[in-house]
Amino acid sequence: MKSRNVVACAALALVLAVPATASTFVAMSPGEMIQQSDAVVVGEVLQVESFRDPSGRAVMTQAMIQVEETLTGSSPTVVIVETFGGTVDSYTVVAHGFPTFTVGERVVLFLDEREDGVAEVVGYRLGQYRLLTNRLGQQIAVPTLEGGVKLLRPEGGEAVRPQAVPLSTLKAMIQQEARRLHRDF
Amino acid sequence: MTRTTIHRLLTLALVAAVSVSLFYAFVLLSPPRTWDSAPTLIVDDQGLDTVTDNDGGVSATVQAINSNQAWNGAGSGTVVNAQAGSIAGYTLGDGQPMLAFSDPVNACKGNCLAATFTGFFSDRGDGTVRIDDADIVTNLRRIDWTSQSEDPNGAGCNSEFYIEGVMVHEVGHLLGLGHTDVSGATMFPSVSSCNNGPATTEQDDEDGLNALYSGNPPGGDGGGACSEASEPCKNNNDCCPGLSCTGRGNNKTCA
């Protein structure tokens, strides 16, 4: 067997061994995602910090995002995005199915801004894509929804999961949907 | 057909077989994580309004989780102890596992139906991590629930979901299991209404649990004692590590 085939088989095995997680969400259409978002942005994660919330009952993480482009809605140039889970004093709380952030990564985020100015990701991981560059130099938006997350259709049964697409395709889809919904962009 | 072509086809068949065996089997959360001792899970004593048995499904949930038809009968001894109680002190990472029929930390809203949090310190040094807390929050107002007490074995059930089956599934996550692709197993990621099948674990579920806990029963009660070579068994889970259950009918032994 050629070495290329060995690599392909190893990659296949890795894909099949993706970690599972343990939360359940109802699928949302692109239109629902945009309607519930104050903004959809492309940005880079500048800083990530985890902490216990003021009540002490939850471990939270805030990520500072440098907004490179606003695809629809309005957004400041730097956004603070909050999610559940994180590591505090070497103790980790995994919030299965919730968005996570790594400094330096580029992301597409559907954001809902709270009254305190901090934003949350709409639809949990349905509203988060990571940007990767393929061998042709093309930007690819990869959904962060893990294989093990249960994603149900509102009427019952399992939903079709979002797929990786070129960033240009995702942008066009978002802007077309925003136009249909008469949202600014 | 040339020898090279045959070789390639055989190789592809082997890869496909391995892939299928990987895909159609239990999945462990990554990194693998286990409890040192059987956790005591506090089940929200407020129950659910839509379950019209005596206590909103609380007793039904506790009994289902503790049942020998579920995780505690899977072959690794007592792995979880559920009991009804107050979740007033609900805190992520406090070492007290709780199952809330609500969302005390306001984490699961909108399109979230149920969220599980597992808490742990860094690994033990062998690639596994020690869970010392796991909490479940729910956003269950969107679903109509029932229990075996309300609708025994589906009788009277009308597009409702059994709380027992869903929560036994969630406890599987709490113990360190992910979703499986084996349809009908407790850890299969989908269930239809009026089906309480997930309240009873299947072989795939038991294989997954025993992969985590066999030989190291969290409860330390000896319930996970395995059969040595030549000792009787029902399936592979009964045999000590490295042994398989062989034979037919009532004459199976570990070898």
Legend entry - Matching residues, the range B:158-176, being of a type in the set (A, V, I, L, M, F, W, C) and either within 16 Å of the chain's Cα centre (by Cα) or at pLDDT 90 or above (or both): B:ILE163, B:VAL166, B:MET167, B:VAL168, B:VAL171, B:LEU174, B:LEU175
Legend entry - Selection within the range B:119-143 - crowded, with 21+ Cβ neighbours inside 10 Å and among the small types (Gly, Ala, Ser): B:GLY119, B:ALA134
Legend entry - Which numbered condition B:LEU92 fails, given (1) in a loop (DSSP other than H, G, I, E, B); (2) surrounded by fewer than 20 Cβ atoms within 10 Å (Cβ to Cβ); (3) hydrophobic (A, V, I, L, M, F, W, C): (2)
Legend entry - Extreme residue, farthest from the other protein chains (Cβ to nearest Cβ), among residues of the range B:144-198 that are open to solvent by 40 Å² or more (accessible area, probe 1.4 Å) and not in a loop (DSSP other than H, G, I, E, B): B:PRO152
Inset, instruction - Identify, from the list B:THR116, B:THR4, B:THR40, the residue that is surrounded by fewer than 23 Cβ atoms within 10 Å (Cβ to Cβ) and modelled with pLDDT under 95. - result: B:THR4
Inset, instruction - Consider B:ALA134 carefully, then state whether it is away from chain A (no Cβ under 14 Å) and touching a residue at least 40 places away in the same chain (Cβ under 8 Å). - result: no
Inset, instruction - Have a look at B:PHE121, B:PHE117, B:PHE101 and point out the one that is closer than 19 Å to B:ILE42 by Cα, facing chain A (nearest Cβ under 10 Å) and of a type in the set (A, V, I, L, M, F, W, C). - result: B:PHE117
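Show me the strands (runs of 3 or more DSSP E) found entirely inside the range A:62-126 where at least 2 residues are of a type in the set (Ser, Thr, Tyr).
A:91-95
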Legend entry - Residue check for B:SER59: in a helix (DSSP H, G or I) and surrounded by fewer than 24 Cβ atoms within 10 Å (Cβ to Cβ): yes
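Answer with yes or no whether A:GLN138 is touching a strand residue (DSSP E or B) at 6+ places or on another chain (Cβ under 9 Å) and within 30 Å of B:ASP94 (Cα to Cα). Reasoning before the result, please.
Numbers: touching a strand residue (DSSP E or B) at 6+ places or on another chain (Cβ under 9 Å): yes; within 30 Å of B:ASP94 (Cα to Cα): no.
Spelling it out, it is not the case that A:GLN138 is touching a strand residue (DSSP E or B) at 6+ places or on another chain (Cβ under 9 Å) and within 30 Å of B:ASP94 (Cα to Cα).
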Inset, instruction - Restrict the check to the range B:76-89 and report whether at least one residue is at pLDDT below 95, within 14 Å of chain A (Cβ to nearest Cβ) and not in a strand (DSSP E or B). - result: yes
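The values are calculated or read from the model by the stated rules, or taken from the named source; none is laboratory data. The model shown is predicted, which means the values in this text are computed figures rather than measured ones. Counting neighbours? That spans all protein chains shown, and the Cβs are built from the backbone with ideal geometry, glycine included. Note: accessible area is taken over every heavy atom of the protein model, side chains too, but ligands, DNA and RNA are not part of it. Shrake-Rupley method; radii C 1.70, N 1.55, O 1.52, S 1.80 Å.
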